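One structure is given here, and the rest of the page talks about it.
The values are calculated or read from the model by the stated rules, or taken from the named source; none is laboratory data. Predicted, not measured: the structure shown is a model, and the values here were computed from it. A quick note on method: Cβ atoms are made from the backbone with ideal geometry, for glycine too, and the neighbour counts reach across all protein chains shown. Heavy atoms of the whole protein, side chains included, go into the accessibility calculation; ligands, DNA and RNA do not. Shrake-Rupley method; radii C 1.70, N 1.55, O 1.52, S 1.80 Å.
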Amino acid sequence: MSKVEEIQNYLQQNQIDAAFVTTPDNVFYVSGFKSNPHERLLGVMIFKNAEPFLICPKMEIPDAKAAGWSYEVVGHQDTENSMEVLAQTIKDRNVNPSAFAIEKAHLIVERFEALQQSFPEANFVRLDEKINALRVIKDEHELEKLRKAAELADYAIEVGCKEIAEGKTEMEIVTAIESAIQEKGCKMSFETTVLSGPKTASPHGIPGSRKIEKGDMVLFDLGVNYDGYCSDITRTVAFGEPSEAQKEIYHTVLAANTNAIAAVKPGVRAMELDKIARDTIADAGFGEYFTHRLGHGLGISVHEFPSVTGANELIMEEGMVFTIEPGIYKSDVTGVRIEDDVVVTKDGVEVLTKFQKELIVL
Ligand code: GLY
Ligand code: MN
Ligand code: MN
């Protein structure tokens, strides 16, 4: 069943007249059309009992059709009010929706109010959870793309390790990694992070002109987008012999990563996985230095549903893909994060990222 049909069924079962999909990644999921509309309107309107349509900037109509969207594509021009074009197209279909499902976490207030004004009798309910529920289970086609994205991420780490040299800057290494991936015909899935020395202790640090020195640890966090699907990997390596304190942190994070991965299987709760990693780190005395959740869903978006936190009771199911990325950030010693991408299989786990995790000393 197509994604459009899945949403149509949902509308029929819940007596909702129309669903308006607006997150660009969700538009891609339901239509196959990948677009970054910036501030312009992009969306797919799916009806309980009428043909769906895709609305986008008029100049993108050929791209939407080429992407395989076989229903109507409605274009809006920069001189038009795109929300009026949207409302008129709905009215032209002779539907007067009394209930819309919208992405409440995404549709901006201005557009929501415009829809309300055009359809003053309509109720607005959430579509977010339905799309999350569809996207969270990956089919075999999606898994193949995720495997390939992860393989390319492994390669990117390999390139990064080879680039490390005394006096080279973090940004120079970022450039070498990104060029190597571009040569493979792909783009990164987010801005590549290379942090060295004390900067490794910043979970969201920004690479810059710091020059690599002997004795540094170097943290890579990167991902590749392969045919619309993302990978996300972190490895931390030592440049020169690490201190005992650095090794202790490294091995604690590695144990947290492998302990959590070993527990992945259908039926485990997200919060249980987070706890396994957190307990491993706390038992080694570093609890206060693990300052973020264990991981996040991964697919078309580099961060997507579900959030793997200590508060999420979600039960993991076959086909879910997410990251396992414990870290310890201790500015007087080092930061270490080790991140893998995993799939829940019928009876366990498949780890997509395969780059070595035993501590590499360069
Ligand atoms: N690359 C950001 C993260 O690992 O979540
Ligand atoms: Mn990452
Ligand atoms: Mn991540």
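When only DSSP loop residues count, what GluC sites (Glu not before Pro) in segment 122-220 have their Cβ near at most 11 other Cβ atoms within 10 Å?
Within segment 122-220, the qualifying GluC sites (Glu not before Pro) (loop, at most 11 other Cβ atoms within 10 Å) are 166.
Picking from 309, 234, 89, which is most flexible by a Gaussian network model of the chain using Cα springs under 10 Å?
89
With N residues in segment 1-61, what two-decimal value do you get for its Cα radius of gyration over 2.2 N^0.38 Å? Each step should come with its number before you reach the end.
Numbers: Rg = 11.7 Å, N = 61, 2.2 N^0.38 = 10.5 Å.
Ratio of Cα Rg to 2.2 N^0.38 Å: 1.12.
Mind listing which GluC sites (Glu not before Pro) in segment 256-315 are in a DSSP loop and have 16 or fewer other Cβ atoms within 10 Å?
313
Using only alpha carbon pairs under 8 Å that are at least six residues apart, calculate the relative contact order of the chain and give it in whole percent. Show your work: numbers first, answer last.
On the way: 767 pairs, mean separation 49.7, N = 362.
The normalised contact order for the chain reaches 14 percent.
Evaluated at 25 °C with a viscosity of 0.890 mPa s, what Stokes-Einstein diffusion coefficient in µm²/s does segment 164-215 have when Rh comes from the Kirkwood expression over alpha-carbon pairs?
210
Rounded, prolate or oblate: which fits the chain, taking a ≥ b ≥ c as square roots of the Cα gyration tensor eigenvalues, rounded meaning a/c under 1.5, else prolate when a/b beats b/c?
On the way: a/c = 2.48, a/b = 1.87, b/c = 1.32.
It is prolate, given that a/c is not under 1.5 and a/b is the larger ratio.
Have a look at segment 1-121 and give its Rg and Dmax from the Cα atoms, expressed in angstrom.
13.2, 39
log10 I(q)/I(0), Debye, Cα-only segment 67-183, no solvent, q = 0.14 Å⁻¹?
Normalising to I(0) and taking log10 leaves -0.84.
Under 16 Å Cα-Cα from residue 265, which lysines qualify once same-chain neighbours fewer than 8 residues away are excluded?
138, 275, 346
Could you report segment 265-362's accessible area per residue, 1.4 Å probe, as an integer in Å²?
So segment 265-362 comes to 41 Å² accessible per residue, rounded to a whole number.
Taking a 23 Å limit on the Cα-Cα distance, which of the listed pairs 58/148; 48/104; 104/145 fall beyond it?
Over 23 Å Cα-Cα: 58/148; 104/145.
Taking the Cα centre of the chain as the origin, how large is its charge dipole in debye, to the nearest 20, when only Lys and Arg (+1) and Asp and Glu (-1) carry charge on their Cβ atoms?
Numbers: 37 positive and 58 negative charges, 12 e Å.
That gives a dipole near 60 debye.
When the distances between all Cα atoms of segment 287-342 are binned every 10 Å from zero, what whole-number percent does each bin get?
22, 48, 24, 6, 0
For segment 39-117 and segment 135-186, write down the distance between their C-alpha centroids in whole Å.
Here the answer is 36 Å between Cα centres.
Using the Cα centre as the reference, give the magnitude of the dipole from point charges on the C-beta atoms of segment 304-362 (Lys, Arg: +1; Asp, Glu: -1; all else neutral), rounded to the nearest 20 debye.
280
Just to be sure I understand: with springs between alpha-carbon atoms less than 10 Å apart, which residue in 292, 141, 251 has the highest mean-square fluctuation in the Gaussian network model of the chain?
141
Kirkwood hydrodynamic radius, segment 148-247, all distinct C-alpha pairs: what's the number in Å?
One decimal place: 13.5 Å for the Kirkwood radius.
For a quick check of understanding: with a 1.4 angstrom probe and all protein chains in place, what accessible area in square angstrom does residue 139 have, to the nearest ten?
60
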